[in-house]
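Here the structure comes first, spelled out in structure tokens, and everything after it is commentary.
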Amino acid sequence: MQALVLAGGEGTRLRPLTYTTPKPVMPLAGRPFLSFMLDWARGHGVDEVILSCGFLSSAVRRVLGDIYDGMRLRYVVEEEPLGTAGPVRLAYDQGVLEERLFVLNGDVLTDVDLTAELAQHERTGARVTLALYPVEDTSSYGVVPTDERGRVVAFLEKTQGEAPTNRINAGAYVIERDVVGERIPGGRPVSFEREVFPGLVGEGLYGYPAAGYWIDIGTPERYLEATWDLLAGHPRSNLPPRDETGSLVYENCLLSGAHLGPQSVLGRNCSVGTDARVERSVLHDRVLVGADAAVTESVLAERVRVGERARIEGRAVIGAEAVIGNDAVVGEGARLDPGTRVEPGAKVEPGARIEAAESVP
Ligand code: GTP
């Protein structure tokens, strides 16, 4: 079975992390994000993956290569963003699609049962089957109601008030190749959600009631949530063992006298100084945290340097190679572009957005 993974978006909501590393290979619990998706797909019989790339495509290829644990990886690279359906048409035009394939959004961490979705697709004779996942709060998603036979009856965009179902499009489809040729126009951006699927209602479009774990990692909040879930063992993965605080520390980290955890990830070659605290946070590779500093519920991209006694408060996201001076404070929810310099003793206000060229005096 073949899968096409949509991996070409700019990931604007995950900025500033995605300025330097595209979302598909963003480290999640210390591993390139797509490696979790590839393991999942392989567990459901996928033996060839087409990676549909655009934004920073060479970085995706450099990290994942052409073979992943015995699975062949092919790359279809678009010159201009083609949306979610347009890239599938591009792969069709390049003659690389099998008769039936999975199409997967490249930013979901999930253990949804693709084998059962495919079995339902075959049983119903569907042309397209969408995994539909139940969420508690539908306010930030469109919902997809189905009839008693599983046929999709509508695509409802985010609406105010009571939704008719709590099932949302989980971004995991089974699609017949002829639908791609007939229903997705070539040569321009096309959206599955807004254009292709609404036009297929009543014409062989089915929903599969998905269960299990599902989260899209497209915002810093959900990226952290997915990290904590993975550390706690959901979904199951072959991550290295966690320490007694539920944290994961990769090779060549120096931690003498630091207080690490709970639920933190230290990438390779990080150093955390004496009496510094790193709690519920993610440090990518080569991050340095000075003595007595504190990092709480935040994400620090590669090569960030945090000075002695500095404080990074909750939900901050700090871009690659930023330098936070001694005694500085980065307020809750602040986002600092790659290369930002915060001078010693300076304060970045909560929620601030610091652009790359600025330094904070
Ligand atoms: P935001 O900018 O934060 O909304 O993120 P995004 O660019 O990833 O968009 P979104 O989360 O809606 O995308 C869902 C999936 O489709 C992700 O896996 C994206 O990589 C992928 N995707 C979005 N737009 C494109 C595109 O134009 N081309 C390709 N090949 N993939 C895309």
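No lab work stands behind these numbers, since they all come straight from the coordinates. A quick note: this is a predicted structure, and the numbers were derived from the prediction, not measured. Because the Cβ atoms are built from the backbone with ideal geometry, glycine has one as well, and the counts that use them run over all protein chains shown.
Could you tell me which of rounded, prolate or oblate describes segment 238-305, using a ≥ b ≥ c as the square roots of the eigenvalues of the alpha-carbon gyration tensor, with rounded for a/c under 1.5 and, failing that, prolate when a/b is larger than b/c and oblate otherwise?
On the way: a/c = 1.41, a/b = 1.21, b/c = 1.16.
Rounded is the answer for segment 238-305, as its axis ratio a/c remains below 1.5.
With a sphere of radius 14 Å drawn around the Cβ of Ala291, what net charge do the other residues whose Cβ falls strictly inside it have (Lys, Arg +1; Asp, Glu -1)?
Working: positive: Arg277, Arg305, Arg309, Arg311; negative: Asp275, Asp292, Glu308, Asp327.
Summing Lys/Arg as +1 and Asp/Glu as -1 gives 0.
Among Val60, Val103, Asn166, which residue has its Cα positioned farthest towards the positive end of the charge dipole of segment 2-231, with +1 placed on the Cβ of Lys and Arg, -1 on the Cβ of Asp and Glu, and the dipole taken about the Cα centre?
Result: Val60, furthest along the dipole toward the positive end.
May I have the extent of the alpha carbons of segment 84-123 along their three principal axes, as whole Å values ordered from largest to smallest?
29, 26, 13
Nearest 0.05, what FRET efficiency do Arg188 and Asn269 give at R0 = 30 Å with Cβ-Cβ as r?
Values: r = 44 Å, r/R0 = 1.48.
Taking R0 as 30 Å, the efficiency between Arg188 and Asn269 is 0.10.
Applying 1/(1 + (r/R0)^6) with R0 = 41 Å to the Cβ-Cβ distance of Ser140 and Glu343, what FRET efficiency is obtained, to the nearest 0.05? Let's see the in-between values first.
Details: r = 37 Å, r/R0 = 0.90.
About 0.65, to the nearest 0.05.
So what is the diffusion coefficient of segment 1-135 in µm² per second by Stokes-Einstein at 25 °C and 0.890 mPa s, using a Kirkwood Rh over Cα pairs?
On the way: Rh = 15.4 Å.
Value of D from the Cα-based Kirkwood radius: 160 µm²/s.
Using all alpha carbons of the chain, what is the percent of pairwise distances in each 10 Å bin, ordered from the shortest bin to the longest?
Going out from 0 Å in 10 Å bins, the chain shows 5, 24, 30, 22, 14, 5, 0 percent.
Using the Cα centre of the chain as the reference point, and only Cβ charges (+1 on K/R, -1 on D/E), how large is the resulting charge dipole? Debye, rounded to the nearest 20.
Details: 37 positive and 52 negative charges, 69 e Å.
Dipole about the Cα centre, nearest 20: 340 debye.
So for the pair Val201, Glu79, with labels modelled 7 Å out along Cα→Cβ, what separation do we get in nm?
With each label point 7 Å from Cα toward Cβ, the separation is 3.7 nm.
At a Förster radius of 22 Å, what calculated FRET efficiency corresponds to the Cβ-Cβ distance of Asp178 and Val153, to the nearest 0.05? It would help to have the intermediate numbers written out before the result.
Working: r = 23 Å, r/R0 = 1.05.
With R0 = 22 Å, the Cβ-Cβ based efficiency is 0.45.
Looking at the calculated P(r) for segment 204-361, what percent of the C-alpha pair distances fall above 20 Å? Let's see the in-between values first.
Numbers: 5852 of 12403 pairs.
Tail of P(r) above 20 Å: 47 percent of Cα pairs.
Once amide H atoms are placed 1.01 Å from N in the peptide plane, what residues at a sequence separation of 5 or more from Tyr75, or on another chain, have their amide H within under 5 Å of its amide H?
Leu51
Going by amide H atoms built from the backbone, whose H comes under 5 Å of the H on Val329, apart from near neighbours?
Answer set, sorted by chain and number: Arg311, Ala346, Lys347, Val348.
With an 8 Å Cα cut-off and a minimum separation of 6 or more residues, compute the relative contact order for the chain in percent.
Details: 925 pairs, mean separation 45.8, N = 361.
Once divided by the residue count of the chain, the mean separation gives 13 percent.
For Glu10 and Asn252, compute 0.36 nm times the residue count separating them, minus their Cα-Cα distance, and round to one decimal in nm. Could the numbers behind the result be given before it?
On the way: separation 242, 0.36 × 242 = 87.12 nm, distance 3.14 nm.
Length gained, Glu10 through Asn252: 84.0 nm.
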